[in-house]
1. Tell me which residues, restricted to the stretch 39-53, are assigned to a loop (DSSP other than H, G, I, E, B) and more than 11 Å from Lys77 (Cα to Cα).
2. Could you identify the single residue in Val62, Val78 that is more than 20 Å from Glu29 (Cα to Cα), assigned to a loop (DSSP other than H, G, I, E, B) and free of Cβ contacts under 8 Å to residues at least 60 places away in the same chain?
3. Report yes if some residue within the stretch 175-189 is assigned by TED's automatic domain parsing to the domain that holds Met124, aromatic (Phe, Trp, Tyr) and modelled with pLDDT under 85; otherwise report no.
4. Please go through the stretch 91-108 and pick out each residue that is modelled with pLDDT of 85 or more and of a type outside the set (Asp, Glu).
5. Select from the stretch 125-156 the residues that are closer than 19 Å to Lys177 by Cα and outside any loop (DSSP other than H, G, I, E, B) and list them in ascending order.
6. Give the residues of the stretch 38-48 that are over 14 Å from Ala58 (Cβ atoms) and exposed (fewer than 15 other Cβ atoms within 10 Å of the Cβ), sorted by residue number.
Amino acid sequence: MGVSERRTCAALGQHRSTQRKVPRGCDDEERLTADIVELARQYGRYGYRKITALLRDAGWLVNAKRVERIWRREGLKVPPRQPKRGRLWLADGSCIRLRPERPDHVWSYDFVEDRTHDGRKFRMLNVLDEFTHECLAIRIGRKLKAADVIDVLSDLFILRGVPGHVRSDNGPEFVAKAVQGWIAAVGAKTAYIAPGSPWEMA
């Protein structure tokens, strides 16, 4: 080409040592790859280190670094564990899982927070029917407290009637004695999700 090796490697950003040794592949690469893929299929929760141990038990003389290289090249990975989901107990402590059976049987309500363009925080109180997945109300404000929860629920109770259960998390606005007492006074039952279990909210 008429260009020195040094200038060519510098232009390509490649170290000159790569020109001194021709890479050699292993004769057993295909068989090893096939065994790794098969073991990964059989043992879905095993990573490359445990697969390496299984290969050694099967008679392979292989280290973990080589297995890891093939593992990544083949796009293998351990699937993430699914979280254990707790049961949705009734407020009275019984072992009956509370499931909505009809419209207006179980309502859920919770807060969602965001910020406006100027960085100021605002909150949205959302009320849902768990059976129909209908959004019954959204109250938006810079500050929303227990009194606002009662105000929104009272309007819905007048409009749609009193539901069988009202589910919420364990936030201060929802466990406030004023809210609990008011819900009980109108004939509905409260149901709280387990702490740290947001998936229980509709």
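1. Of all residues in the stretch 39-53, those assigned to a loop (DSSP other than H, G, I, E, B) come to 43-47.
Passing the criteria: only Tyr43.
2. Answer to the check: Val78.
3. Looking only at the stretch 175-189, we keep the residues that are assigned by TED's automatic domain parsing to the domain that holds Met124, and these are 175-189.
Cutting the leftovers down to aromatic (Phe, Trp, Tyr) gives us 182.
Applying the additional criterion that residues be modelled with pLDDT under 85 yields 182.
For the stretch 175-189, residues assigned by TED's automatic domain parsing to the domain that holds Met124, aromatic (Phe, Trp, Tyr) and modelled with pLDDT under 85: present.
4. Of everything in the stretch 91-108, those that are modelled with pLDDT of 85 or more and of a type outside the set (Asp, Glu) turn out to be Arg102, Pro103, His105, Val106, Trp107, Ser108.
5. Leu125, Ala146, Ala147, Asp148, Val149, Ile150, Asp151, Val152, Leu153, Ser154
6. Arg41, Gly44, Arg45
To keep it simple, each residue is scored yes or no on (1) under 16 Å from Thr190 (Cβ atoms); (2) in contact (Cβ under 8 Å) with a residue 24 or more places away in the chain; (3) of a type outside the set (Phe, Trp, Tyr).
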position: Tyr109; (1), (2), (3): yes, yes, no
position: Arg120; (1), (2), (3): no, no, yes
position: Glu130; (1), (2), (3): yes, yes, yes
position: Ile158; (1), (2), (3): no, no, yes
position: Gly164; (1), (2), (3): yes, yes, yes
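The values are calculated or read from the model by the stated rules, or taken from the named source; none is laboratory data. The model shown is predicted, which means the values in this text are computed figures rather than measured ones. When we count neighbours, we look across all protein chains shown, and the Cβ atoms used for this are built from the backbone with ideal geometry, even at glycine.
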